[in-house]
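Undergrad: There's a structure below that I have some questions on.
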Amino acid sequence: MGRMDLPRMPLTTASAVTFFYALGYPIGVLAVTAMAPMPALVLRFGLAATILGIWAVLAKAPWPRGAQLGHVAVVGLLIQAVQFCCLYEAVQLGSPAVLCAVVIAMNPVATAILAAVFLREPLGPHRVAALGFGVVAVLAACARRLAATHGVDPVIVLLGVGLLGLSAGGVYQQRFCAGVDFRAMSALQNAVGLIPAAGLAMLTPFTVHDGRQAVIAVAGMVLLNATLAVSLYVRAINTHGAAAVAMLFAVIPAVAGVLSWLMLGQRPDAGVAVGLVLGGFACWLNSRASRPRRAAKESVEPIRAAEVSAVGQRIHAPCGASSTSPG
């Protein structure tokens, strides 16, 4: 089976995925500073799975079965459990929101490599350049914070594992779960993520440092990030492909930096501004990468149709058939 050509992502979709995904970083920090990370994740996964499940039932969305259900479970373990368990533990160990964003934003590089290996997606010069600019963008956005990090500590290891889970999950989803309804898929992914989070929560102490902040942060985390942002992310991968969605991570760290300034009082530096510019340019380059293939396909289809019509006329002419198409 050949590789399916995917439609280009519109600006509205890209903006929505970027904003709500970036919003999850400062909200996650607020939640983890108010209560223990694993209980926070239990609430996140449990409530999000319930809300999305009700939405899927009311919308009469089809649910995956058999082998496809197993594929959705694998994606849930990678994108939800691995990514967020590692992220929230890193935050508890002192990782700021923007550092989490800059490491996870390496997703374009990891995803493009995995997609090229397992999905046979060509990189091309534009996409290679876009990946390079994306890496520079996320590094510039958090240059001051990265400079303050000395050596490789558990935080970096946890964030690296979280990045691997996100990238592998996105590629796996595109390969095996493209036809699954995004509401049903998001509900099942959160339900799957709840299992390891609950197991880890039972092994760690349950503490609440600020009840009011915990309620507000968990509510925002569930409604805006776990429900809305993840649903947009899942649907975008199904519609536009893992590599295209991953390029948004070139912009997400800069947006997360601005939101962290507004919500946590962390003022962004000049690197964030540079990251915004370079990240936007990277996304533009990535969109340019798909235009030549799309234009070539559009020009080939009329030629193929004309060739088929001409062959049909030559076949039917000796039999005295009309050259008019049979409708």
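Undergrad: Name the residue that is modelled with the lowest pLDDT, counting only residues in the stretch 234-283 that are surrounded by fewer than 24 Cβ atoms within 10 Å (Cβ to Cβ) and among the aromatic types (Phe, Trp, Tyr).
TA: Selected residue: Phe281.
Undergrad: I would also like to ask the following. Check the stretch 209-225 and report whether any residue there is crowded, with 24+ Cβ neighbours inside 10 Å, farther than 21 Å from Ala49 by Cα and either under 16 Å from the mean Cα position of the chain (by Cα) or in contact (Cβ under 8 Å) with a residue 12 or more places away in the chain (or both).
TA: Scanning the stretch 209-225 turns up no residue that is crowded, with 24+ Cβ neighbours inside 10 Å, farther than 21 Å from Ala49 by Cα and either under 16 Å from the mean Cα position of the chain (by Cα) or in contact (Cβ under 8 Å) with a residue 12 or more places away in the chain (or both).
Undergrad: Return yes when Leu232 is touching a Cys at 6+ places or on another chain (Cβ under 8 Å) and under 25 Å from Leu114 (Cα atoms) and no when it is not. It would help to see each step written out before you state the result.
TA: On the way: touching a Cys at 6+ places or on another chain (Cβ under 8 Å): no; under 25 Å from Leu114 (Cα atoms): yes.
Considered against the rule, which asks whether it is touching a Cys at 6+ places or on another chain (Cβ under 8 Å) and under 25 Å from Leu114 (Cα atoms), Leu232 comes out as no.
Undergrad: Take the stretch 155-179 and flag every residue that is open to solvent by 40 Å² or more (accessible area, probe 1.4 Å) and either under 11 Å from the mean Cα position of the chain (by Cα) or among the basic types (Lys, Arg) (or both).
TA: Arg175
Undergrad: List pairs: first residue in the stretch 125-137 and in contact (Cβ under 8 Å) with a residue 60 or more places away in the chain, second residue open to solvent by 40 Å² or more (accessible area, probe 1.4 Å) and of a type in the set (Phe, Trp, Tyr) anywhere in the structure, Cβ distance under 9 angstrom, at least six positions apart or on different chains.
TA: Every condition considered, the pairs that remain are Ala130/Phe281; Ala130/Trp284; Phe133/Phe281; Ala137/Phe281.
The values are calculated or read from the model by the stated rules, or taken from the named source; none is laboratory data. Quantities reported herein were computed from a predicted structural model and do not represent experimental measurements. A quick note on method: Cβ atoms are made from the backbone with ideal geometry, for glycine too, and the neighbour counts reach across all protein chains shown. Each accessible area value is taken on the protein alone, full model and side chains, heavy atoms only, with ligands, DNA and RNA left out. Shrake-Rupley method; radii C 1.70, N 1.55, O 1.52, S 1.80 Å.
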